[in-house]
Amino acid sequence: MVASVIKPTPNTDHDIKDLSLAPLGKQRIEWAGREMPVLRQVRDRFAQEKPLAGIRLAACCHVTTETANLAIALKVGGADAVLIASNPLSTQDDVAASLVVDQGIPVYAKKGEDAETYLRHVNIALDHRPNIIIDDGSDVVATLVKERQDQLSDIIGTTEETTTGIVRLRAMFKDGVLTFPAINVNDADTKHFFDNRYGTGQSTLDGIIRATNILLAGKNIVVVGYGWCGKGAALRARGMGANVIVTEVDPIRAIEAVMDGFRVMPMEQAAPLGDIFITVTGNKHVIRAEHFTVMKDGAMLANSGHFDIEIDLATLKDLSTSVTTVRNFTEEYRLPSGKSIIVLGEGRLINLAAAEGHPASVMDMSFANQALGCEYLIKQRGVLTPGLHPIPTEVDQEIARLKLQSMGIGIDTLTPEQVEYMNSWTSGT
Ligand code: ADE
């Protein structure tokens, strides 16, 4: 059960849709918490040790039931935390309400918020003068670096859990503007092997199904990008009986996709074949004008990459004679040829726009990494240099051990003889 941290505080500042949704949110947060045993253990230790006491923290995450469990753990650990949405469509309004009402955590997030509101919330997060930023896509850190340099002296560091955010942080470091440590949560093994692959795989199909209610069996599904998220989407689409085509720009990933049993071809060839397209590249305009024009009538486009830049929607709009909402999160773009192209979730993360994001069981490990990443930043304050740092291997391994334990699964340990063998080079044939 999720412990209420403090009594309801009507004075808790917020910008959310509807406080009266709190009871539903509380119930759903508790439901997710049942599948988050590792984070629960971190929270219980944080309650005793208060490692985040005195720390001002701004978290920019998808406001979901899973994030709520993270926010509660951070608050229990002593952080003075505020939470904003990391995407205009991913907020679960009942969760936002419960965090404000039941936990006294200031939340600034509304499902469907416009870009201006989103940016206002980013600035509210920075007005909190955070010492630690938990970022999801790196918008808060980028705004700090670009516009609020006077606050750099407050910063202990940031943690980042998306591939997109890590790419941005690397670019900031290269340009000499990342002047504080950033913990690379995304590349922890207990994060990307599970969250990116199985989380994105399942929740992407969940979003497509909830938005459209179509049968996936027998469809040609084109997965654009074969990183960890693409691998998950392709794997699960095949599991549902789809014929999966993969497009890639990286030759090694392309071979991997071939040897995993998928057809691989350039987008130019895949565009006329696909019934459903799923973009997961982190890059811009991977589906664009030359592809729209050769697609089948009724082809569906969905994105599961962090930002809504992967499908060139502005051009699709320009090319179209009309745009009609035909179901929730489902828009039909009619082309002058009479063909239509269906865009799901406005080209934003379909798994969070039309479904509920990754299931709690994988977010358990991702968010244990986030919480422990914050603790690590504090413990290593003054020691960690500016730039990206991995989650320590011991932390990653411990999260995996706790997860296995919670699943009731035991594994073997090396015998002393095996340890000695692994540490020597003298024996061989
Ligand atoms: N990213 C993907 N799925 C998520 C979830 N359920 N909660 C928070 N962030 C997510």
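All of the numbers you see were taken from the coordinates with simple rules; none came from a lab. All figures in this text were calculated on a predicted structure; none of them were measured in a lab. In this analysis, Cβ positions are derived from the backbone assuming ideal geometry, glycine residues included, and neighbour counts consider all displayed protein chains.
Dividing the summed -39500 (n - 2.57) terms of all DSSP H runs of n ≥ 4 by the residue count of the chain sets its mean residue ellipticity at 222 nm at -12000 deg cm²/dmol. Farthest towards the positive end of the charge dipole of the chain, among the residues A97, C374, A211, is the Cα of A211, using unit charges on the Cβ of Lys, Arg, Asp and Glu. When the chain is described by a simple charge dipole with +1 on each Lys and Arg Cβ and -1 on each Asp and Glu Cβ, the residue from G428, A59, P272 located farthest towards its positive end is P272. Would you mind checking K284/K317; K191/K403; K110/K231 for any pair whose Cα atoms are more than 21 angstrom apart? The answer is K110/K231. Comparing N11, T159, H306 along the charge dipole axis of the chain, the residue lying farthest to the positive side is N11, per the Cβ-charge model.
Shown in residue order for the range 287-302 are the 3J(HN,Hα) couplings computed by the Karplus curve 6.51 cos²θ - 1.76 cosθ + 1.60 at θ = phi - 60°: 10, 9, 3, 4, 8, 3, 5, 9, 6, 5, 4, x, 4, 10, 10, 10 Hz (x for Gly and Pro).
Counting other Cβ atoms within 10 Å as a rough exposure proxy, the listed residues K339, K111 run K339, K111 from fewest neighbours to most. Net charge dipole, the chain: roughly 400 debye, given to the nearest 20, about the Cα centre with Cβ charges of +1 for Lys and Arg and -1 for Asp and Glu.
Amide H to amide H, with H built 1.01 Å from N, T281 comes under 5 Å of G305, counting only residues 5 or more places away or on other chains. Classify the range 201-277: rounded, prolate or oblate, from the alpha-carbon gyration tensor (a ≥ b ≥ c, eigenvalue square roots; a/c under 1.5 rounded; otherwise prolate if a/b is larger than b/c)? Judged from the Cα gyration tensor, the range 201-277 comes out prolate (a/c at least 1.5, a/b above b/c).
So, by mean Cβ neighbours within 10 angstrom, what's the order for 376-387, 153-164 with the highest one leading?
Values: 376-387: 14.2, 153-164: 21.9.
Final packing ranking: 153-164, 376-387.
Using a simple spin-label model with pseudo-atoms 7 Å out from Cα toward Cβ, R34 and T179 lie 5.0 nm apart.
Ranked by the mean number of other Cβ atoms within 10 Å of their residues, highest first, the peptides 146-152, 274-280 come out as 274-280, 146-152. Taking a ≥ b ≥ c as the square roots of the eigenvalues of the Cα gyration tensor of the range 211-350, is the shape rounded (a/c under 1.5), prolate (a/b larger than b/c) or oblate? Prolate shape, in that a/c is at least 1.5 and a/b is the bigger ratio. Centre-to-centre, using Cα atoms only, the range 193-248 and the range 31-103 are separated by 29 Å.
Taking N as the number of residues in the chain, what is its Cα Rg relative to 2.2 N^0.38 Å?
1.01
Here the Kirkwood formula, the inverse mean of 1/r across different C-alpha pairs, assigns the range 5-104 a hydrodynamic radius of 13.5 Å.
Our coupling estimate for the range 20-35, obtained by passing each phi through the Karplus curve with A = 6.51, B = -1.76, C = 1.60 and θ = phi - 60°, is 6, 7, 4, x, 5, x, 4, 4, 6, 5, 5, 4, 4, x, 4, 9 Hz, Gly and Pro reported as x.
Here's how it looks for R129: its modeled amide H is under 5 Å from none belonging to a residue 5 or more places away or on a different chain. Each residue in W425, W31, W228 was given a count of other beta-carbon atoms within 10 angstrom of its own, and listing them fewest first yields W425, W31, W228. Sequentially through the range 375-390, phi angles give Karplus couplings (6.51, -1.76, 1.60; θ = phi - 60°) of 4, 4, 4, 6, 5, 9, 4, x, 9, 5, 7, x, x, 7, 10, x Hz, Gly and Pro residues having no value and appearing as x. Listed by chain and number, the lysines placed with their C-alpha closer than 17 angstrom to that of K75 are K7, K26, K50; residues fewer than eight positions away on the same chain are left out. Please list, in chain and number order, the residues 5+ apart from G387 or on another chain whose amide H is under 5 Å from its amide H, with Hs placed from the backbone. Hits under the 5 Å cutoff: F180, A182.
Scaled against the 2.2 N^0.38 Å expected of a compact globular protein of N residues, the Cα radius of gyration of the range 330-429 reads 1.87. For the range 223-251, backbone nitrogen atoms closer than 12 Å to the point 7 Å from Q269 Cα along Cα-to-C-beta are found at 246-248.
What shape does the range 105-198 take by its C-alpha gyration tensor, where a ≥ b ≥ c are the square roots of the eigenvalues and a/c under 1.5 counts as rounded, a/b above b/c as prolate, and the rest as oblate? Cα axes put the range 105-198 in the oblate bin.
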